[in-house]
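No lab work stands behind these numbers, since they all come straight from the coordinates. Keep in mind the model is a prediction, meaning the values are calculated, not measured. For neighbour counting, all protein chains shown are included, and Cβ atoms are generated from backbone atoms with ideal geometry for every residue, glycine included.
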Amino acid sequence: MRGSINRPPTPDAEDDREQDLTLQEIINIKLIESGEKERLKELLRERLIECGWTDEMKALCRAFTRKKGRNNVTVDDLVHVITPKGRASVPDSVKAELLQRIRSFLVSAAL
Amino acid sequence: MSAPNDDKGTSHSQLSSQFYGDLLDSIIVDVASECHRIARLGLDRNLEDEEEELRLSTQARARVADPSNSGEANSKYVVDIFGQTHPSVASEIFECMNCGRSIMAGRFAPHLEKCMGRGRKARLKNTRSSTAAQNRYTRGSPISAYSPYSNSASGNRVANGTTAPNEEYGDGGFED
């Protein structure tokens, strides 16, 4: 008799995993499945372009690239360059609009 | 009932902030990635130019501020932004395309004034005879077809071919 026939039973890990989902993960899944996450991201992107935030960030990147040399920059570098200023310089109105939209979604999804 | 609502309010606020932060970070990564791509592919044509431009402009500013370069005193030796000096009258010699004479570049404009003025008058003489035959709207003489010329200065005699300063002004003004 071959030893391979006596296999241990397949563990059903999926069941366990579902119960461990945090509220945040559940909401995230709902956001993505409904398409709302995509819409929110596009809305935020559009607002940020309108108010010049994107141009500011690109200028920071260019300045950094000039100093460090075109071929020496990494995506990581640039992320670190623009994250602090980026997070701080979003106009209040834009932030408020996004927060409002997200909160409406949470309410409408009965969470 | 207010207590659960408050909890929900705060947890909603917290969650909203979290998701907002995630969205923003995601967009930041997108922007960084795009800039990285532009940098690596050399798509930003002005990147090195700006550096060069800044350097040159500071250089130029230094030169302007430099008292040893006063332009009025020694105009022959003034240095331009490329570091070249030019004589006050351009000295290159070439052939005038109208009359075929050898003209010095610095003297070309006054030459053209006279050269083309005379040439034009000669041309006017020729066309006058041809339009005399063709002219259906004759108001007396072909000269009237050029009435702008005759009216522009007093006593203009288009037909005679004499050069008057007024004549040239009129010609230069209207013939184009």
Quiz item: Pairs A:LYS30/A:LYS58; A:LYS37/A:LYS58; A:LYS58/B:LYS8; A:LYS37/A:LYS85: which are spaced more than 27 Å apart, C-alpha to C-alpha?
Solution: A:LYS30/A:LYS58; A:LYS58/B:LYS8
Quiz item: Reachable lysines from B:LYS114, Cα under 24 Å, same-chain residues fewer than 8 places away excluded?
Solution: B:LYS125
Quiz item: Tally Lys and Arg at +1 and Asp and Glu at -1 over the other residues with C-beta under 14 Å from the C-beta of B:LEU43: what net charge comes out?
Solution: +2
Quiz item: When only DSSP loop residues count, what trypsin sites (Lys or Arg not before Pro) in the stretch B:22-61 have their Cβ near at most 12 other Cβ atoms within 10 Å?
Solution: B:ARG45
Quiz item: Where does the charge balance sit around A:LYS95 when Lys and Arg score +1, Asp and Glu -1, over other residues with C-beta under 12 Å from its C-beta?
Solution: +1
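Classify chain A as rounded, prolate or oblate, taking a ≥ b ≥ c as the square roots of the eigenvalues of its Cα gyration tensor: rounded when a/c is under 1.5, otherwise prolate if a/b is larger than b/c and oblate if not.
Oblate, because a/c is 1.5 or more while a/b does not exceed b/c.
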